[in-house]
Every structure is written in structure tokens, then in C-alpha cells.
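S.K.: This is the structure I have questions about; it appears just below.
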Amino acid sequence: MSAIDPRELLADPAQAGAYFIDARDARALADAATELEFALARVDFSDCAGKDDALERIARALRFPDWFGGNWDALNDSVNDLSWWPAPGYVLLIEHAGAWQAQHSDDAATLIEILNDAAQDWAKARTAFWALLPLPQAELAQMAP
């Protein structure tokens, strides 16, 4: 990441989306989000049991209101709102997601789709919304086509 200023990258809503990243870059991106005064939400997917557990962890990290419905539609609605947490941008850091993604590939694909769609919708309002999933370099390399 040394060639690219992470603050410059994160500040660009057109580049935002859901990305698997090298775990070694996670700290620099989290620090950049803090420097930009973005809302930074960390979610630990260690031992995540499945869809319901994943949704609960995300809801807690993003401070969802009590009315959150705990399903994909409710996640979509909530990540496209975030009115309860006003910020100039958002970074959702989903850590230790590799095993969950491998065991729940359909749910992981749905989650990534919802987060990417949210990033596109937020970009229309010129607000960056990032969902970053850090993986160890070896796991990341296995994902490459």
C-alpha cells in the first residue's frame, strides 16, 4: 500500500465497495478511516456460526437500531440508511471471515452483493462506504483467478 495513500483511496466513493484485502493492509486502512473521521465498524467473524450470527455481529458493529429485522432485506435497508450514525464515510472491517466464507459460500456471496450495492448507492450521495475483508496473504492468493 506504500504507493497509494490509503486516505486518498478511502475518500473516493467511486472506488468504494466490498473487497477482500491483504490482512497486512487492514491497520493502515483502519487508521486512514479514523483520520478521515469516517465511522469505523469492526466485526470479528471468528467462529461465526452462520447467517444469523453474521447478521447479528454486523448489526452490533454498525449500531443498528432495535428494529433491525435480522435478515438480508433488513441488512440491505440498514446499510443503505445509517442515519443513526452520521459520518462523512463508512468503513466496515470484517475480520477473520475466511473460514466463514468457505463454509457459507452462498451467504457470503449474498453479503458481498448487499455491501457492494450499498457502496454504489452511497456513492450517488458522494459518501464512501467500504466493506473490507482482510485475509492472510496465502488465503487471498488462493482466491485469485
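S.K.: Do we have A109 as farther than 19 Å from A30 by Cβ, loosely packed, with under 13 Cβ neighbours inside 10 Å, modelled with pLDDT of 95 or more and of a type outside the set (V, I, T) here?
M.R.: Working: farther than 19 Å from A30 by Cβ: yes; loosely packed, with under 13 Cβ neighbours inside 10 Å: yes; modelled with pLDDT of 95 or more: yes; of a type outside the set (V, I, T): yes.
When the stated conditions are applied, A109 passes them.
S.K.: Hey, among the residues in segment 47-59 that are more than 17 Å from I114 (Cα to Cα) and of a type outside the set (G, A, S), which one's nearest to the chain's Cα centre (by Cα)?
M.R.: Narrowing segment 47-59 to residues more than 17 Å from I114 (Cα to Cα): 47-49.
Now drop any that are not of a type outside the set (G, A, S), which leaves 47-48.
Details: D47: 18, C48: 16 Å.
The qualifying residue nearest to the chain's Cα centre (by Cα) is C48.
S.K.: Related question: Out of the residues in segment 99-144 that are in contact with a strand residue (DSSP E or B) (Cβ under 7 Å, 6 or more places away or on another chain) and aromatic (F, W, Y), which is farthest from L82 (Cα to Cα)? Walk me through how you get there before you give the answer.
M.R.: Residues of segment 99-144 that are in contact with a strand residue (DSSP E or B) (Cβ under 7 Å, 6 or more places away or on another chain), as a first pass: 112, 115-116, 118-119, 122, 127-135, 137, 140, 143.
From what is left, the residues that are aromatic (F, W, Y) are 122, 129-130.
On the way: W122: 10, F129: 11, W130: 13 Å.
Checked segment 99-144; the qualifying residue farthest from L82 (Cα to Cα) is W130.
S.K.: Now for a different question. Against the conditions (1) over 18 Å from R42 (Cα atoms); (2) under 11 Å from the mean Cα position of the chain (by Cα), where does D106 fall short? Just the number, please.
M.R.: Of everything listed in (1) over 18 Å from R42 (Cα atoms); (2) under 11 Å from the mean Cα position of the chain (by Cα), D106 misses just condition (2).
Residues checked against (1) under 29 Å from Q142 (Cα atoms); (2) in contact (Cβ under 8 Å) with a residue 40 or more places away in the chain; (3) of a type in the set (D, E, K, R):
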{"position": "L36", "(1), (2), (3)": "no, yes, no"}
{"position": "V43", "(1), (2), (3)": "yes, yes, no"}
{"position": "W72", "(1), (2), (3)": "yes, yes, no"}
{"position": "S83", "(1), (2), (3)": "no, no, no"}
{"position": "G98", "(1), (2), (3)": "yes, yes, no"}
{"position": "I112", "(1), (2), (3)": "yes, yes, no"}
{"position": "K124", "(1), (2), (3)": "no, no, yes"}
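S.K.: Has segment 12-25 got any residue that is touching a residue at least 12 places away in the same chain (Cβ under 8 Å), in a strand (DSSP E or B) and buried (at least 20 other Cβ atoms within 10 Å of the Cβ)?
M.R.: Yes, because at least one residue in segment 12-25 is touching a residue at least 12 places away in the same chain (Cβ under 8 Å), in a strand (DSSP E or B) and buried (at least 20 other Cβ atoms within 10 Å of the Cβ).
S.K.: Identify all residues within segment 79-91 that are hydrophobic (A, V, I, L, M, F, W, C), surrounded by fewer than 22 Cβ atoms within 10 Å (Cβ to Cβ) and touching a strand residue (DSSP E or B) at 6+ places or on another chain (Cβ under 9 Å); write none if there are none.
M.R.: First, the residues of segment 79-91 that are hydrophobic (A, V, I, L, M, F, W, C): 79, 82, 84-85, 87, 91.
Adding the requirement that they be surrounded by fewer than 22 Cβ atoms within 10 Å (Cβ to Cβ) leaves 82, 84-85, 87.
If the condition is that a residue be hydrophobic (A, V, I, L, M, F, W, C), surrounded by fewer than 22 Cβ atoms within 10 Å (Cβ to Cβ) and touching a strand residue (DSSP E or B) at 6+ places or on another chain (Cβ under 9 Å), then L82, W85, A87 are the ones that fit.
S.K.: Here is a further query. Taking D52, is it modelled with pLDDT of 95 or more, over 25 Å from D12 (Cα atoms) and surrounded by fewer than 17 Cβ atoms within 10 Å (Cβ to Cβ)?
M.R.: Values: modelled with pLDDT of 95 or more: yes; over 25 Å from D12 (Cα atoms): yes; surrounded by fewer than 17 Cβ atoms within 10 Å (Cβ to Cβ): yes.
Criteria met by D52.
The values are calculated or read from the model by the stated rules, or taken from the named source; none is laboratory data. In this text the structure is predicted, and so the values were computed from the model without any measurement. Note: ideal-geometry Cβ built from the backbone for every residue, glycine included; neighbour counts use all protein chains shown.
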